[in-house]
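Remarks on the structure that follows.
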Amino acid sequence: MEVEVKAEAKEDARSTVRAIDRDGLERLLGLLREEGYRTIGPTVRDGAIVYDEIESVRDLPAGWKDEQAPGRYRLVRRPDDALFGHVVGPISWKAFLFRPRETLTAAARGEGGALEFRRAPFEPERAAFIGVRSCDLAAIAVQDTVFTGGPYVEPRYAALRRAAFIVAVNCLESGALCFCASMGTGPRARRGFDLALTEIEGRFTVEAGSDAGRRLLERLGAEEARAEDAARVEEGTARCAASMAKRMDPAGLPELLLGNLDHPRWDEVAARCLACANCTMVCPTCFCSTVEETSDLTGSSAGRVRVWGSCFTEEHGKVHGGSYRPEIKDRYRQWLTHKLASWVPQFGTSGCVGCGRCIAWCPVGIDITEEVAAIRASPGPVPDVQGLPLAPVPSPLPAPRAPAASSVEEDLVPRPAAVTAAVRETPDTVTLHVRPPQGFSFRPGQFNMLSLPGVGEVPISISGWDGTAVEHTIRAVGPVTRQLAALRPGQELGMRGPYGSSWPVDEAKGCPAWVVAGGLGLAPLRPLVRELIGRPEDFPEVRLIGGSRTPGDILFVREILGWIGRRNLQTHLTVDRAGPDWRGSIGVVTQLLDDASIEGVYFVCGPEIMMRFAVRRILEAGVPPQRVYVSMERNMKCAAGFCGCCQYGPLFVCKDGPVFRYDSVAYLFERSGF
Amino acid sequence: MTASPTSSSVPASDSEAPVRKPRLGVFKFASCDGCQLSLLDLEDELLAVAGAIDIAYFPEARTAMLPGPYDLSLVEGSISSPEQLEQVQEVRRQSRFLVTIGACATAGGIQALRNWADSAEYLRAVYARPEYIRTLETSTPIAAHVRVDFELRGCPISKEQLLEVITAFAVGRRPNVKDESVCLECKRRGTVCVVVARGMPCLGPVTHAGCGALCPAYDRGCYGCFGPRERANTGSLAGRFREGGAGEPELVRLFRGFTGYAEAFRKESEAHEPQ
Ligand code: SF4
Ligand code: SF4
Ligand code: SF4
Ligand code: FES
């Protein structure tokens, strides 16, 4: 966790304030370049102030100001020739830390089909960021938490971040769309910088915020700032804060927004929103990404490239064919509730730092502060039931994750692993036994990421361990699963894992354990059943309830038949339709839950619609929601908490799930659009 | 019509099958040939393409034409004559995986402008002996007539994307051609938005990505030549341009370009026609 260590060192810096003029600033840039930093700062391009490489003070936007309004940005001349007399533009510093395109891995298929995966070569460039505003310092801190806060550390972000030198600039004039003051992130830069400048009448006060900054100031050999200069920094930034016209009240936003998921305002904003994703692209904290598979025509050399993604795309919420957020309304609601509500339990801060970029760069000028204000002004229709709170607040919100003590650098590089057996379960489903590339242990309910170079990578739940190989039960529904399911013993695939939470087996000790599976949902439950029936002294009463479309679709038939006669297991199978030979039940699994035991612990996995009905029936029987566990499925690109695609309200299915205790997902479970 | 292949239509390479190169057919209906020439444009990669697939039918490139069936068919052009109506059915029958390429094949093309006019009148105006011309009243996309497995948009298509579609087919992956707005590509490359910073009309927010946000990088608004993306909220965007001073005739022209006959754009332009 070097990144955080560095941030702390910055905080307890002795205050050293110097004063320089423009020549001094030029010398400062020169020293940074001498030390091997590429200097990046604000400069005028294409009618806007963007961040790009600057070679000298001459490249800075002297005398320019950015006039901003919702959906509108224009450069105008200032009466003076201030270098930093503007606020923030369409580019944020994330473009240099969490870069828009990054090659993750390279893979090659050698003679005989042997696979080789390599982490793509990566040279962290040393960059000095010149002119980082206070809101953007806060945004960098937010992304530090996302990418380095654990349980995994994203190595590319971490390396670029460690190599960066940050020169902040205090704001003395706010822009029309700035609201950092109400978000508590500015305009005075207080931490997280190496040096901070304040531009007053053509001169700059410079304070150091880190040892690296202090060393540079020493080399610069500038004069001490006078006491009144330091005072003017405080006065100027305070005046700027007081003049900020735009504001957003951050109080209670998680409860307000997550408690108003059916507010009519979502429909109203969805009629205007283009789902173009500009807001998420310009937002300095948005971190979602997707992956592109690349290869040559023969597939013998391949790569995986991470690119910026967005919850406004259909793909973000897509799992084999269907989308969990089909409507623009679902996507806008994901954006707003993530930024301002879900972010808090996820990362311990708001996802909005009040920079105003999303307001200016929305082509139709949708204003995040107005959307929040509209919901705050008329929180939901009052439910027509006495005693209900005005807005049904999801309670309790999941607590912020504890700081990760044992974060690991997740390099996302799969390892080649050989198939030892491929067992056909049903016409479209195969169990692949894969010998893990190294020592491997997993808990029932976890999943692996399996990949084929140039084709793709998918999460596959672990359906067992045969003594030497991990079992994965795969239904051929898309290009990747189809090719995985066609692998033969001896062939190789890429594997990384295991990931995610597991079925809390021991919660069921001494209680009736009910395992409820629909279709392929039996796969992640099989290792659980094996463990439960293998420990009859702990689990005297296990009931397996399985539903499938037809008898031919039932998974693991041989193994299930072998379980007959086990003292502690009762098995009930049901199918949607069957021929005359079928001796089990016909109909949905819920009918087998009529005698659900109130003392039972329930483990449920299957299609979401099946789980909804099953859980409803279990709760109707009086089972407390804390004794029910479900396993969720969402789009997964990274499995490490970085890509954002697997979000389910405030939860990440990859690292908080896939297994959830029902009460933590209850308020989302019955809705669509998440 | 979605741009991504349905999962069932992407072929899997069966590792045990004897190695036979997939056979490619290239077909053309009403169009300018620009798109299929992108294939020949792939100078550096053409040898590799020819090594990996067997170009069995490609009138532009070879004289010997081998009969079908074809594993992969690239179809250019729209349907605008009675003969084409029948030919396209035959192409479909002979093709395992059919990819339409370009604005003509995916949206009817610029010639679909006649769909809003009286085509007999056009013929009289253009041809000396209109009775020799056999044409349909409309120019329509291939998908209006047969099942299409994948659409590659653009006018013309990008050769990089064509290579990606062929490679993805050969390797068996879903092509990296995203059904998302052009804005994502524009922002990823760091272009400044021309709507916000210059007040220009730009169809990027409602247009299918794929061009790499070319026009905005050259300081002009997107023409929508890749056609509408999923959930194209054209009404909201048109409203914004109207506030910016665009009149109804301009809005009609804006949405009625190379892909004007694609449903979302067609409806939007029709909404701004004089009643
Ligand atoms: S949500 Fe908008 S105002 Fe808040 S940090 Fe992101 S871009 Fe800035
Ligand atoms: S899910 Fe959250 S982080 Fe990702 S793009 Fe949407 S708002 Fe941004
Ligand atoms: S809020 Fe604005 S910028 Fe964001 S997706 Fe909607 S229209 Fe685009
Ligand atoms: S955040 Fe990437 S899969 Fe969960």
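The values are calculated or read from the model by the stated rules, or taken from the named source; none is laboratory data. Since the model is a prediction, treat every value here as computed from it, not as a measurement. Using ideal geometry, Cβ is built from the backbone for each residue, glycine included, and neighbour counts are taken over all protein chains shown. All accessible areas refer to the heavy atoms of the entire protein, side chains included, with ligands and DNA or RNA removed. Shrake-Rupley method; radii C 1.70, N 1.55, O 1.52, S 1.80 Å.
Using a Gaussian network model of chain B whose springs link C-alpha atoms within less than 10 Å, name the residue from B:F265, B:F27, B:F241 with the highest mean-square fluctuation. Judging by the Gaussian network model, the answer is B:F241. Considering only B:G199, B:A271, B:L251, and ranking their Cα positions along the charge dipole of region B:182-271 that arises from unit charges at the beta-carbon of Lys, Arg, Asp and Glu, the one farthest toward the positive end is B:G199. Orientation-averaged projection of region A:166-260 equals 7.8 nm² [convex hull of Cα atoms, one quarter of hull surface area].
From the residues B:Q111, B:P82, B:A168, which one has its Cα farthest along the dipole of region B:23-171 in the positive direction, the dipole being from +1 and -1 charges on Cβ of Lys/Arg and Asp/Glu about the Cα centre? Highest projection toward the positive end goes to B:P82. Cut-off 10 angstrom, C-alpha nodes, Gaussian network model of chain B. Which of B:R23, B:R92, B:R240 fluctuates the most? Result for chain B, Cα springs under 10 Å: B:R240 fluctuates most. Buried area at the B:A interface is about 4000 square angstrom, summed over both chains, from accessible surfaces computed with a 1.4 angstrom probe.
Taking each DSSP H run with n ≥ 4 as -39500 (n - 2.57) and averaging over every residue of chain A yields -7500 deg cm²/dmol at 222 nm. For region A:593-639, a crude dipole built from +1 on the beta carbon of Lys and Arg and -1 on the beta carbon of Asp and Glu, taken about the Cα centre, is about 300 debye to the nearest 20.
Across peptide B:198-205, the mean count of Cβ atoms from other chains lying within 10 Å of each residue's own Cβ comes to 3. For region A:253-377, the share of alpha carbon pairs falling in successive 10 Å distance bins from zero is 12, 40, 32, 10, 5, 1 percent.
Scanning residues 5 or more positions from A:S585 or on other chains, those with amide H under 5 Å from its amide H are A:L573, A:V575, with H placed 1.01 Å from N in the peptide plane.
So how strong a dipole does region A:13-242 carry about its Cα centre when Lys and Arg Cβ are +1 and Asp and Glu Cβ are -1, to the nearest 20 debye?
Working: 34 positive and 35 negative charges, 115 e Å.
It comes to approximately 560 debye.
Note on A:I586 and A:A245: the extension gain reaches 116.3 nm, defined as 0.36 nm multiplied by sequence separation minus the Cα-Cα distance.
Give me Rg/Rg_expected for region B:23-171, where Rg uses Cα atoms only and Rg_expected = 2.2 N^0.38 Å with N residues.
Working: Rg = 16.0 Å, N = 149, 2.2 N^0.38 = 14.7 Å.
Taking the Cα Rg and dividing by 2.2 N^0.38 Å, one obtains 1.08.
If you roll a 1.4 Å probe over region A:253-377 with all protein chains in place, what percent of the accessible area is carbon or sulfur?
Values: 1650 of 2970 Å².
Using a 1.4 Å probe with all protein chains present, region A:253-377 comes out at 56 percent carbon and sulfur.
Counting Lys and Arg as +1 and Asp and Glu as -1, each charge on the Cβ, what is the dipole of the protein assembly as shown about the Cα centre in debye, to the nearest 20? Provide the component values of the computation, followed by the final result.
Working: 110 positive and 118 negative charges, 131 e Å.
My answer is approximately 620 debye.
Here the Gaussian network model covers chain B, with springs between Cα atoms less than 10 Å apart; of B:A238, B:A209, B:A168, B:A168 fluctuates the most. Its residue count N sets the reference 2.2 N^0.38 Å, and the alpha-carbon radius of gyration of chain B equals 1.06 times that reference. Positive-end ranking of A:T369, B:S73, A:S56 along the dipole of the protein assembly as shown, with charges on Cβ about the Cα centre, is headed by B:S73. In terms of packing, defined here as the mean over residues of other Cβ atoms within 10 angstrom, the peptides A:224-232, A:89-97 line up highest first as A:89-97, A:224-232. Taking the square roots of five times each eigenvalue of the Cα gyration tensor of region A:1-153, the equivalent ellipsoid has semi-axes of 35, 21, 17 Å, listed largest first. The accessible surface of region A:505-631, taken with every protein chain in place and a 1.4 Å probe, is 52 percent carbon and sulfur. Size descriptors for region B:182-271, from the alpha-carbon set: Rg then Dmax equal 12.0, 34 Å. Average projection, convex hull of the Cα set of the protein assembly as shown: 44.9 square nanometres.
Top to bottom by accessible area (1.4 Å), largest first, where do A:D581, A:D59 land?
Values: A:D581 135, A:D59 55 Å².
Output order, biggest surface exposure first: A:D581, A:D59.
The amide H of A:T285, built 1.01 Å from its N in the peptide plane, has no neighbour under 5 Å, considering only residues 5 or more places off or on other chains. In terms of distances greater than 19 angstrom between alpha carbons, the cross-link table entries B:K159/B:K267; A:K318/B:K178; A:K94/B:K187 yield B:K159/B:K267.
Measuring between their Cα centroids, region A:107-122 and region A:289-349 lie 26 Å from each other. The GluC sites (Glu not before Pro) found in region A:143-205 that occupy coil by DSSP, while having at most 11 further C-beta atoms within 10 Å, are A:E201. Put simply, what bits of region A:454-493 lose 10 Å² or more of accessible area when the other protein chains are there, versus the chain on its own (1.4 Å probe)? At a threshold of 10 Å² (probe 1.4 Å), the residues of region A:454-493 that become less exposed are A:G454, A:V455, A:V477, A:P479, A:R482, A:Q483, A:A486, A:R488, A:Q491.
Couplings 3J(HN,Hα) of region A:26-37, computed from phi: 4, 5, 4, 4, x, 4, 4, 5, 4, 7, x, 8 Hz, in residue order, whole Hz [Karplus 6.51 cos²θ - 1.76 cosθ + 1.60, θ = phi - 60°; x for Gly and Pro].
Per residue, how many Å² of accessible area does chain A show with a 1.4 Å probe?
On the way: 25410 Å² over 674 residues.
Here the per-residue accessible area is 38 Å².
Phi-derived couplings, Karplus 6.51 cos²θ - 1.76 cosθ + 1.60 at θ = phi - 60°, listed residue by residue for region A:238-248: 5, 4, 4, 4, 5, 8, 5, 6, 7, 8, 9 Hz, with x used for Gly and Pro. For chain B, the longest principal axis of the Cα atoms and the long axis of helix B:234-243 meet at an angle of about 30 degrees. Close amide H partners of A:T105, meaning residues 5 or more places away or on another chain with modelled amide H under 5 Å apart, are A:A120, A:R304.
Considering only the protein assembly as shown, what is the antiparallel percent among its DSSP beta bridges, to the nearest 5? List each step's numbers first, then the result.
Working: 84 of 136 bridges.
Within the protein assembly as shown, antiparallel bridges account for around 60 percent of the total.
Cα centroid separation, region A:534-555 to region B:235-275: 58 Å.
Rounded to the nearest 500, the helix-only mean residue ellipticity at 222 nm of chain B stands at -10000 deg cm²/dmol, with each DSSP H run of n ≥ 4 adding -39,500 (n - 2.57). For the Cα trace of region A:505-631, dividing Rg by the Kirkwood Rh returns an Rg/Rh value of 0.94.
For region A:419-453 versus region A:127-150, the spacing of their alpha-carbon centroids is 39 Å.
The mean accessible area for residues of region B:182-271, using a 1.4 Å probe and ignoring ligands and nucleic acids, is 37 Å² per residue.
Note on B:176-183: average number of Cβ atoms from other chains within 10 Å of each residue's Cβ is 6. In order along region A:555-568, phi translates into HN-Hα couplings of 7, 6, 4, 4, 5, 5, 4, x, 7, 4, x, 4, 4, 9 Hz, rounded to whole numbers, per the Karplus curve 6.51 cos²θ - 1.76 cosθ + 1.60 with θ = phi - 60° and x for Gly and Pro.
Round to a whole number: what % of the accessible area of region B:182-271 belongs to carbon and sulfur, probe 1.4 Å?
On the way: 1690 of 3320 Å².
After summing per-atom areas, the C and S share lands at 51 percent.
Over region A:414-499, all Cα pairs binned in 10 Å intervals from 0 give whole-percent P(r) values of 20, 61, 20, 0, listed from short to long.
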